[in-house]
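Scroll down for the structure; my scribbles are underneath it.
The values are calculated or read from the model by the stated rules, or taken from the named source; none is laboratory data. Because the structure is a prediction, the values reported are computed rather than measured. Note that each Cβ is placed from the backbone with ideal geometry, even for glycine, and that neighbours are counted across all protein chains shown.
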Amino acid sequence: MEQYLAWPRWQLLLVYLVPYLLVGFGTLKEAVEGLAHGDAFNEHFLMSIATIGALCIGEYPEAVFVMLFFQVGELFEGYAEGKSRESISHLMDIRPDVAHVEREGAVLDVAPEEVGVGETILVRPGEKVPLDGIVVEGTSALNTVALTGESVPRDVTEQDEVISGCINLQGVVRVRTTKAFGESTVSKIINLVENASESKSKSETFITRFARIYTPVVVFLAVGIAVLPPLLGGGTFATWFYRALMFLVVSCPCALVISVPLTFFGGLGGASRKGILIKGANYIDVLSQLDTVVFDKTGTLTHGQFAVTAVHPEEYDAHQLLHLAAHVEHFSTHPIGAALRDAFPDEATDGCSVSDVQEISGHGVRAKIGDMDVCVGNTKMMDSVGAKWHDCHHVGTIIHVAINGQYAGHIVINDQVKSDSASAISQLRELGIQRLVMLTGDRKEVAADVADKLGLTEYHAELLPEDKVNIVESLSPDSRLAFVGDGINDAPVLARADVGIAMGGLGSDAAIEAADVVLMDDQPSKIALAIRIARRTLAIARQNVLFAIGVKTMVLVLATFGVATMWMAVFADVGVTVLAVLNAMRALRQH
């Protein structure tokens, strides 16, 4: 050991340079690149100059371990941030592969990009509509859930407009295209998803913003300490240069570069224990500043599953009316049929015979139950059999029933509001978030009913994904905005919001990938909990910053006048770091 201590300083320097360069090469490289790009005053530059200063004054272990501590802090921060989101366009199962176009009396299979405006295409059952257009022949029902998020299929007939990305559920339809593929709805959605991240506002991490102020102040103070006193006759240049280097060593922000990322990391861990996946520390910063929350309706504030909410019979009692309707819809794949069967689960075992089932596109279903002719459908179906129907004051999808041509009543089917949606809105108001907006592809009267029940400040209905993006962009310039959604159709707007929040339990893979925060149990009330966790985490980070700066400032002043001892320097560096880390661990305990 004595022989080791007797080594010349240059030999010791060579020995310590090996681990120093191994540990700090990345930091030194970042500092040099920052200088080359005009961003000199970042935390990498300060760590580099402080540790090089330690090497210059012979504090070789200090230089190595300070750089090691910094790399640990960087590791925490990198883990918390997570890997960058990759393009999610491959997750979107709405892009059509082929278009059946009619040319010179033949039907050709071509790529959608090769179909011109005004050409006629054929769309068979089970296929995606490849381009926007107008139906010129045939009737069918379209599954629009990938575009609007709404479960109820849309009936179309001649002269109705259809949009690309929908799935044809029933009959063959001929469509005259009105847009080229590049301008079609499906193409626009894919482009929105691929490009939304580029226009997304990014919140810098707290420590980076702090370093931009702290670093130049420390560097210029150190230069002033080294140069000004000797010029003013206050001592030798060697004495003040040594003090300036000691000043840099003491000012090394280990407590900050470790404890602040660790605080954010603790916040991420604490949130995950509550079923809230936050994809990066920067989103904690954004969550804490939110003033506007925008919700998708279906699957977010509501369950996205239809159920019978009311039965209004005319000639029969409610039980009989529901019984007959469930029998007629027994073989239907329509979500409305499923809702009727769920409301009357015993229809398969009650012995009734069902025959002559006819599913009439755009109208409903007709069948024989015993000797009764039962029609279940919309007002068009009632008009076709001469049944004198009447409307209902309830909000929802109205299913009319006629028996032997006579009106028998109607059944109301609606999506159900989640049990904790009202609580979620109330908690957000308590947190000071006054602007609560709902966007939906559903009808205006349904949207108005949900907004009124939950106490939302505003709503926008009958929207496509592109409309949702436009509305969010119109809201976001003067606000910190979160969007909450669950479907593939929500992916573009989730990526565009300041922070996108996805319902993870039932949400689509595309929405989860595009989102910045994922609620794993689909409870809207977890949004308020995520905001509370974010605010508490940021408060702990600020405590660490104030404590570290306070102690370091005091020791730095003493070091400037040559009064500081090594024990003070150790406490200002290592001691403050340990205490800040212990405080940061509190972020893991979220309530």
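Data overview
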item	result
Enumeration of residues in the stretch 438-456 that are touching a helix residue (DSSP H, G or I) at 6+ places or on another chain (Cβ under 7 Å) and not in a helix (DSSP H, G or I)	438, 439, 440, 441, 442, 455, 456
Among (1) surrounded by fewer than 17 Cβ atoms within 10 Å (Cβ to Cβ); (2) modelled with pLDDT of 85 or more; (3) more than 35 Å from the chain's Cα centre (by Cα), the one test that residue 113 misses	(3)
Where residue 272 falls short, out of the listed (1) in contact (Cβ under 8 Å) with a residue 24 or more places away in the chain; (2) hydroxyl-bearing (Ser, Thr, Tyr); (3) surrounded by fewer than 20 Cβ atoms within 10 Å (Cβ to Cβ)	(1)
Meets criteria (part of a helix (DSSP H, G or I), modelled with pLDDT under 70, surrounded by fewer than 23 Cβ atoms within 10 Å (Cβ to Cβ) and small (Gly, Ala, Ser)) for residue 226	no
Single residue of the stretch 292-330 satisfying the filter (outside any strand (DSSP E or B) and hydrophobic (A, V, I, L, M, F, W, C)) that is nearest to residue 500 (Cα to Cα)	301
Selection count, the stretch 1-48, where residues are under 16 Å from residue 69 (Cβ atoms) and at pLDDT below 85	5
Options 517, 484: the member that is surrounded by 20 or more Cβ atoms within 10 Å (Cβ to Cβ), touching an Asp or Glu at 6+ places or on another chain (Cβ under 7 Å) and either at pLDDT below 85 or within 29 Å of residue 589 (Cβ to Cβ) (or both)	484
Residues of the stretch 425-437 that turn out to be within 21 Å of residue 461 (Cα to Cα), of a type in the set (A, V, I, L, M, F, W, C) and not in a strand (DSSP E or B), as a count	1
Selected residue (criterion: nearest to residue 293 (Cα to Cα)) from residues of the stretch 447-486 that are charged (D, E, K, R) and touching a residue at least 40 places away in the same chain (Cβ under 8 Å)	480
Filter pass, residue 402 being touching a Phe, Trp or Tyr at 6+ places or on another chain (Cβ under 9 Å) and small (Gly, Ala, Ser)	yes
Residue in the stretch 418-429 that is in contact with an Asp or Glu (Cβ under 9 Å, 6 or more places away or on another chain) and within 21 Å of residue 335 (Cβ to Cβ) present	yes
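So that you can scan it fast, the table gives a plain yes or no per residue for (1) more than 33 Å from the chain's Cα centre (by Cα); (2) charged (D, E, K, R); (3) at pLDDT 80 or above:
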site	(1), (2), (3)
70	no, no, no
89	no, no, no
136	yes, no, yes
145	no, no, no
155	no, yes, yes
